[in-house]
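**Q** Pasting a structure below so you can have a look.
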Amino acid sequence: MGTDDISMWGALLLAMLLALVLALLMLVDRRTLRKVMVAPKVRMPQVPTCLLLSAVGAVLVVSLAMAGVLMLSFPCSLFWPVLLVLVVLQMVSMGTSMETYWRSLLRTQAHRRYLLANGATHVESLVPSVRRALRAALLPLLWHKPKAAPLAFLMLFFGLLMGGISIAAALVVVLLTWVAAMVAAVVSTVAAIWLSDKLLFGKHEELK
């Protein structure tokens, strides 16, 4: 059995193990499952559709790009497991950041009008909200809550081990994937905000 076959079996076992863990969580305690999937944290109906669609598009494109970049250092057989982890982490990260961005826009409308009246550009008036969104995008990847990030990295690590990769190599893959996830979170947040900008604001800079 070649290295590619072992890696393929490792990816399949990773997916099976993840499905098993989620199934067990659903059987034992559905509230725990909802916490793991960060459902209470991401109230997506409160986010405009255009912002949500921009976030989904940014996640898919940026995750594909980052996974492709990582394949310059990793075996190509690791593309799908790494892409899966990046997409999961980006969905968690973007859910938090987009909700934070939208709420910030709603709360700071008066402040934005004040900045615009005093000569600030449209981009300059959005800086405080964008800064909050970027912070919210990175926190799920740096803090222990929500638990989706450590769970995804743990699944990736054990999947790599089952795929025949050494412990040291698996740790390197997980570490570089974590760095790529943080970079992707920043890029996805900025891209989603840029893509939805024209649809969120009217000609007089007011929220639609």
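The values are calculated or read from the model by the stated rules, or taken from the named source; none is laboratory data. As the structure is a computational prediction, the values presented were derived from the model and not from experiment. Cβ: placed from backbone, ideal geometry, glycine included. Neighbour counts: every protein chain shown. Quick note on the areas: whole protein, heavy atoms, side chains included, nothing else; ligands and nucleic acids left out. Shrake-Rupley method; radii C 1.70, N 1.55, O 1.52, S 1.80 Å.
**Q** Could you run through the range 99-132 and say how many residues are in contact (Cβ under 8 Å) with a residue 60 or more places away in the chain and either of a type in the set (Gly, Ala, Ser) or within 21 Å of Ala55 (Cα to Cα) (or both)?
**A** Looking only at that region, the number is 7.
**Q** In the range 56-110, which residue that is of a type in the set (Ser, Thr, Tyr) and assigned to a helix (DSSP H, G or I) is nearest to Met182 (Cα to Cα)?
**A** Ser93
**Q** Same structure, new question: Among (1) within 24 Å of Ser188 (Cβ to Cβ); (2) surrounded by 18 or more Cβ atoms within 10 Å (Cβ to Cβ); (3) at pLDDT below 90, there is one condition Pro150 misses while meeting the rest; what is its number?
**A** Checking Pro150 against (1) within 24 Å of Ser188 (Cβ to Cβ); (2) surrounded by 18 or more Cβ atoms within 10 Å (Cβ to Cβ); (3) at pLDDT below 90, the one that fails is (2).
**Q** Within the range 68-95, track down each residue that is out of contact with any Ser or Thr (no Cβ under 9 Å at 6 or more places or on another chain), modelled with pLDDT of 90 or more and closer than 20 Å to Ala170 by Cβ.
**A** Matches in the range 68-95: Val69, Met71, Leu72.
**Q** Inside the range 102-118, can you point out the residues that are more than 28 Å from the chain's Cα centre (by Cα) and open to solvent by 60 Å² or more (accessible area, probe 1.4 Å)?
**A** Ala110, His111, Arg113, Tyr114, Ala117, Asn118
**Q** Further question on the same structure: Please list, ordered by first then second residue, the pairs with beta carbon atoms under 7 Å, 6 or more apart or interchain, first in the range 184-208 and in contact (Cβ under 8 Å) with a residue 12 or more places away in the chain and buried (at least 18 other Cβ atoms within 10 Å of the Cβ), second among the small types (Gly, Ala, Ser) and not in a helix (DSSP H, G or I).
**A** Within 7 Å, no pair qualifies.
**Q** Still on this structure: What residue, of Val82, Val123, is open to solvent by less than 30 Å² (accessible area, probe 1.4 Å) and farther than 18 Å from Gly57 by Cβ?
**A** Unique residue meeting the criteria: Val82.
**Q** Identify, from the list Ala170, Ala149, Ala180, the residue that is under 22 Å from the mean Cα position of the chain (by Cα), without any contact (Cβ under 8 Å) to a residue 60 or more places away in the chain and within 30 Å of Met71 (Cα to Cα).
**A** Result of the check over Ala170, Ala149, Ala180: Ala170.
**Q** Further, regarding this structure: Among the residues of the range 165-208, write down those that are under 30 Å from Ala117 (Cβ atoms) and hydroxyl-bearing (Ser, Thr, Tyr).
**A** Initial filter on the range 165-208 (under 30 Å from Ala117 (Cβ atoms)): 189-208.
Answer for the range 165-208, where residues must be under 30 Å from Ala117 (Cβ atoms) and hydroxyl-bearing (Ser, Thr, Tyr): Thr189, Ser196.
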